[in-house]
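Here, each number is a calculation from the coordinates, and none is a lab measurement. This one's a predicted model, so the numbers in the text were calculated from it and none came from an experiment. Because the Cβ atoms are built from the backbone with ideal geometry, glycine has one as well, and the counts that use them run over all protein chains shown.
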Amino acid sequence: MMDTRPAYRLFIDESGDSNWKSGNPYLGLTGLIFKLDYHNKDFTQQLEGLKQKHFSCSVPVIFHRDDIIRCKGDFVTLKDDFAKSAFDKDLLAIIMNSQFTVITVVIDKQKLVEKYKEKAYDPYLFALELLLERYYFWLNCRKTNGDVIAEARGKKQDKDLKKAFMEIYEMGTGQINSRDFVGVLSSSQIKFGSKKDNIAGLQMADLIAHPSRIATINEYEGRPFGNDFGGKIIQALNLLNKYHCNDKGIIKGCGRKLFPE
């Protein structure tokens, strides 16, 4: 299939890590689905406007959750409680008023090994497969097409991800055959973007990925979403139906998926 211009784009970022031996038992992969024209114009302008309002820098400000939480670099002004409160309020307003759909897949690395033993492979690539299956259903339901971009992680990781994406495109998964994927994915190639590229969708995915990973785990374990700022983001996403859901409006298993259960 020749590459065609996509109507939508899935912006992917991770929370946690795929290292089997790390102290974090979970890897989360979050994708935000944007209509491409809307993302490239309106949404990008809104996010840049937020940066210009709250941060004065001679170079582009790149939103990165870890730096924002720690008030590092461009975000040192957020050490002031008033400045932080004002920024949080405006950021939450953009999240609430913007047009995108969220899908989060969380992998329990220990349970993955217990279930698949020597057949268990890179949790990131496992999460990608589950994420793309849900992206397929979202696109197919709307009779439209889209492509995928992920934040660059390193030469080897990007090479492995590129190979895994193409294999899914050409061979399908256990749930969806290759012909169906080809019917909705506008390209056989996954795209990559770095932080310095200042891509609005990847930055928003970075901001949402962590609270959405925590919310997914809490949902499956029967715990509340929390009342911190991350919890407020999740409450807003739930209230405004921004998570992918099934035809009965159920998010669990669709817009938020923990695997293995």
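Here are some notes:
- For the stretch 55-100, the fraction of alpha-carbon pairs lying more than 18 Å apart is 32 percent, rounded to a whole number.
- Relative contact order, whole percent, for the stretch 8-259 stands at 30, derived from Cα pairs under 8 Å and 6 or more residues apart.
- Helical segments meeting 18 Å axial Cα length and Kyte-Doolittle 0.5 threshold in the chain (DSSP H): 123-141
- Among Phe229, Phe100, the order by Cβ neighbours within 10 angstrom, fewest to most, reads Phe229, Phe100.
- Rh by Kirkwood over Cα pairs, then Stokes-Einstein D for the stretch 43-173 at 1.002 mPa s and 20 °C, µm²/s: 118 µm²/s
- Length gained when the stretch Val113-Lys53 is fully extended (0.36 nm per residue, less Cα-Cα span): 16.9 nm
- Centre separation in Å (Cα based) which lies between the stretch 169-185 and the stretch 225-261: 26 Å
- Modelled this way, with points 7 Å down the Cα-to-C-beta line, the labels at Gln99 and Lys232 are 2.6 nm from one another.
- Averaging the sequence gap over all C-alpha pairs within less than 8 Å and six or more residues apart, then dividing by the number of residues, gives the stretch 157-243 a relative contact order of 17 percent.
- Rh (Kirkwood; distinct C-alpha pairs) - the stretch 1-91, Å: 15.9 Å
- Cut-off 14 Å, label 7 Å out along Cα→Cβ of Lys89, residues of the stretch 213-256 by amide N: none
- Kirkwood hydrodynamic radius of the stretch 124-247, Cα pairs, Å: 16.1 Å
- FRET efficiency estimate (nearest 0.05) - Cβ-Cβ, Thr144 to Arg70, R0 25 angstrom: 0.05
- Comparing the stretch 175-249 with the 2.2 N^0.38 Å rule of thumb, its C-alpha radius of gyration ratio is 1.42 (two decimals).
- Reachable lysines, given that their alpha-carbon falls under 21 Å from the alpha-carbon of Lys232 and they are not under 8 places away in the same chain: Lys51, Lys79, Lys84, Lys89, Lys242, Lys252, Lys257
- Theoretical ellipticity at 222 nm over the chain - DSSP helices of four or more residues, -39500 (n - 2.57) apiece, nearest 500: -14000 deg cm²/dmol
- For the pair Asn177 and Ser194 in one chain, pulling the backbone fully straight at 0.36 nm per residue adds 3.0 nm over the alpha carbon distance.
- The chain - Rg over Rh from alpha carbon coordinates, Kirkwood radius: 0.95
- Linear extension gain, Glu261 paired with Lys248, 0.36 nm per residue minus alpha-carbon span: 2.6 nm
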